[in-house]
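Reading through the structure tokens given below for one structure.
Just so it is clear, none of the values below were taken in a lab; they were calculated from the coordinates. Just so it is clear, the structure is predicted and the values come from calculations on it, not from any experiment. Heads up, the Cβs are rebuilt from the backbone with ideal geometry, glycines too, and the neighbour counts pull from every protein chain shown.
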Amino acid sequence: MNGPPVIPHSRPSLGEAEAQAAADVIRSGLLAQGEKVTKFERALAKLTGQDEGVAVSSGTAALFLALKGLGIGPGDEVIFPSYVCTAPWHAVSQAGATPVLVDIDPETYHPSPEAVTRAITRKTKAVIVPHLFGLPADLSELEKLGIPIIEDCAQTLGASMGGRPVGSVGALTVCSFYATKLITTGEGGMVLGRSGPHMARIRAVRQYDERDALESAFNYKMTDMQAALGLCQVTALPQFIKRRQAIATQYTAILRDVKADPPAGIPRHDHVFYRYVVRLPQSVEPAIKAFAARGVSCRRPVFKPIHSYLGLPGFSGTDLAWERSLSIPIYPSLVEHEVERVVDAMREVLA
Ligand SMILES: Cc1ncc(COP(=O)(O)O)c(C=O)c1O
């Protein structure tokens with residue numbers, strides 16, 4: 001088929017700096033976890049306002065290790081929203097604990113504090129709060145519940161929430177550096193937190209080698225090649241965010257004339273637009289096909305809510321969000337003529 005190339009839903013922003021940094025590590029011959037990983041951990045601790053970080057192989061591994069760090073296991077319950085990828089469900093299940101799903105506010109896409117409060121039992125040991133799509137959740141009500149919060153920053157980094165950096169509030173914070181994320185190492189993740197027994201336990205479990213005793217451990221390490229990429233990306237993050245916000249401003253201007261609601265905001269919370277998610281008055285399926293016919297790849301921002309895999313009722317906010325929410329391509333490597341094509345397609349499809 002002829003015509004301009006398809007604009008993908010996601011595309012990483014990698015340049016000469018990343019290529020050079022990876023090449024330098026390869027030439028050094030020191031490929032595995034080393035000084036680049038340590039530097040990357042320090043850079044993320046600074047960004048999130050936490051004391052220290054433990055870099056690992058993925059965001060899912062980071063979630064699993066955060067649970068282990070908090071001593072969570074069989075007999076314990078962990079609360080998180082149904083409207084998120086299945087990573088938290090796998091992490092909680094792998095830890096041997098019981099996942100407890102809650103509904104979301106369909107405007108902000110964050111777990112509603114009322115739903116979290118209702119889900120608490122004597123067995124509740126943590127609540128995982130994903131800061132979805134680039135908007136930090138309002139944690140003020142959840143903090144009052146006195147349950148350890150695991151901030152999931154896989155989709156939101158470098159944003160401030162009410163004057164505090166996203167990632168600075170949780171008992172522990174996790175990140176993902178998968179290829180589509182705000183900053184990437186290809187695959188990768190990190191747990192961040194205050195220095196103390198939780199972080200010490202996580203650091204110990206990350207690797208099995210050179211230990212005095214044969215204690216439970218595994219291999220969750222990140223390589224220096226990945227961390228070298230991550231260091232370049234974290235330096236570029238402020239520019240990346242500016243570009244995402246500039247594109248979002250262009251998209252939002254179009255929405256005044258069409259039948260779709262722009263992404264919601266929260267007072268004094270930055271939106272870093274990991275995703276640009278609009279809410280339609282009807283199901284998104286026809287719009288996804290119409291965008292595809294114009295060479296623009298749009299998606300549902302969450303593939304399928306977790307409660308629907310399990311056939312659980314009672315998630316009306318999540319069901320509404322899943323049916324009506326459409327994610328439109330937004331990333332720093334989107335060049336101006338591509339943004340114009342997306343804007344034209346928005347005008348036509350969402351009219
Ligand atoms: C909110 C959230 N948490 C966790 C993860 C898991 O991260 P990873 O894919 O690096 O395992 C993702 C993933 O993509 C995510 O969006």
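I need S28, S316 ordered by Cβ neighbour count within 10 Å, fewest first. List each step's numbers first, then the result.
Values: S28 14, S316 11.
Exposure proxy ranking, most exposed first: S316, S28.
Using R₀ = 41 Å, calculate the FRET efficiency as 1/(1 + (r/R₀)^6) where r is the Cβ-Cβ separation of R194 and N219; round to 0.05.
FRET efficiency, R194 to N219: 0.95.
Neighbouring Cβ atoms within 10 Å as the yardstick, rank L214, L172 fewest first.
Fewest to most other Cβ atoms nearby, the residues stand as L214, L172.
Given H placed on each backbone N at 1.01 Å, which residues far from V296 in sequence or on other chains put an amide H within less than 5 Å of it?
I7
Give me the number: length gained by fully extending R11 to E285, i.e. 0.36 nm times residue separation minus the C-alpha to C-alpha distance, one decimal in nm. Don't skip to the answer; put the middle values down first.
Numbers: separation 274, 0.36 × 274 = 98.64 nm, distance 2.24 nm.
Taking R11 through E285 to full extension adds about 96.4 nm, to one decimal.
May I ask you to derive the FRET efficiency for D212 and Q250 from their Cβ-Cβ distance with R0 = 51 Å, giving the value to the nearest 0.05?
Plugging the Cβ-Cβ distance into 1/(1 + (r/R0)^6) gives 0.30.
Quickly estimate the mean residue ellipticity at 222 nm for the chain, helices only: each DSSP H run with n ≥ 4 gives -39500 (n - 2.57), and the total goes over all residues, rounded to 500. All intermediate terms of the calculation are to be shown ahead of the outcome.
Details: 12 runs with 136 residues, N = 351.
Rounded to the nearest 500, it is -12000 deg cm²/dmol.
If you put +1 on each Lys and Arg Cβ and -1 on each Asp and Glu Cβ, how big is the dipole of the chain around its Cα centre, in Debye rounded to 20?
With only Lys, Arg, Asp and Glu charged at Cβ, the dipole is about 80 debye.
Out of S13, S160, S216, any idea which swings most in a Gaussian network model of the chain, alpha carbons joined below 10 Å?
Residue with maximal mean-square fluctuation among S13, S160, S216: S216.
Which distance in nm do the two modelled labels at E107 and R122 give, with both placed 7 Å along the Cα-to-Cβ direction?
Rounded to a tenth, the inter-label distance reads 3.8 nm.
Could you check which residue among A91, A227, A217 shows the biggest mean-square fluctuation in a GNM of the chain with a 10 Å Cα cutoff?
Highest fluctuation of the listed residues: A217.
Can you tell me which of 236-247, 60-71 comes out highest on packing, and rank the rest after it, using the mean Cβ neighbours within 10 Å? Working shown, then result.
Details: 236-247: 16.8, 60-71: 25.8.
Descending packing order for the listed peptides: 60-71, 236-247.
Could you give me D for the chain, from Stokes-Einstein at 25 °C and 0.890 mPa s, where the hydrodynamic radius is the Kirkwood radius over C-alpha pairs? Units µm² s⁻¹, please.
118 µm²/s
Whole number please: convex hull volume per residue of the Cα set in segment 123-206, in Å³?
Measuring per residue, one finds 111 Å³ for the Cα hull of segment 123-206.
Measure off 7 Å from each Cα along the Cα-to-Cβ vector at S333 and A292, then give the distance between these two points in nanometres to one decimal.
2.3 nm
At 7 Å along the Cα-to-beta-carbon direction for both A19 and L310, put a label point, then send me their distance in nm to one decimal.
For A19 paired with L310, the spin-label model returns 4.7 nm.
Just report the Cα centroid separation between segment 42-102 and segment 279-351, whole Å.
27 Å
Fewest Cβ neighbours within 10 Å first, please rank S195, S333, S57 accordingly. Spell out each step's value before the answer.
Numbers: S195 11, S333 14, S57 20.
Sorted ascending by nearby Cβ count, the order is S195, S333, S57.
What translational diffusion coefficient, in µm²/s and rounded to a whole number, does the Stokes-Einstein relation yield for segment 237-349 at 37 °C and a viscosity of 0.692 mPa s, taking the hydrodynamic radius as the Kirkwood radius over Cα pairs?
219 µm²/s
Can you list, largest first and rounded to whole Å, the semi-axes you get for segment 176-240 by taking the square root of 5 times each eigenvalue of its Cα gyration tensor?
Sorted largest first and rounded, they come to 27, 14, 9 Å.
What does DSSP give for the chain in terms of the percent of beta bridges that are antiparallel, rounded to the nearest 5?
Counting DSSP beta bridges with both partners in the chain, the antiparallel share is about 55 percent.
For segment 288-299, what does the Karplus curve 6.51 cos²θ - 1.76 cosθ + 1.60, with θ = phi - 60°, yield as ³J(HN,Hα) per residue in whole Hz, taken in order and with x for Gly and Pro?
4, 5, 5, 5, 4, 5, 9, x, 10, 8, 9, 9
Using a 10 angstrom cutoff on alpha carbons, build the Gaussian network for the chain and name the most mobile of P332, P197, P136.
P197
Only Lys, Arg, Asp and Glu count, each charged at its Cβ (+1, +1, -1, -1), so figure out the dipole size of segment 1-145 about its Cα centre, rounded to 20 debye.
That gives a dipole near 400 debye.
Enumerate the lysines that K181 could reach by cross-link, defined here as Cα to Cα under 18 Å, with residues fewer than 8 away along the same chain left out.
Those lysines meeting the cut-off are K242.
For R164 and T38, what is the calculated FRET efficiency with R₀ set at 25 Å and r taken between the beta-carbons, to the nearest 0.05?
0.45
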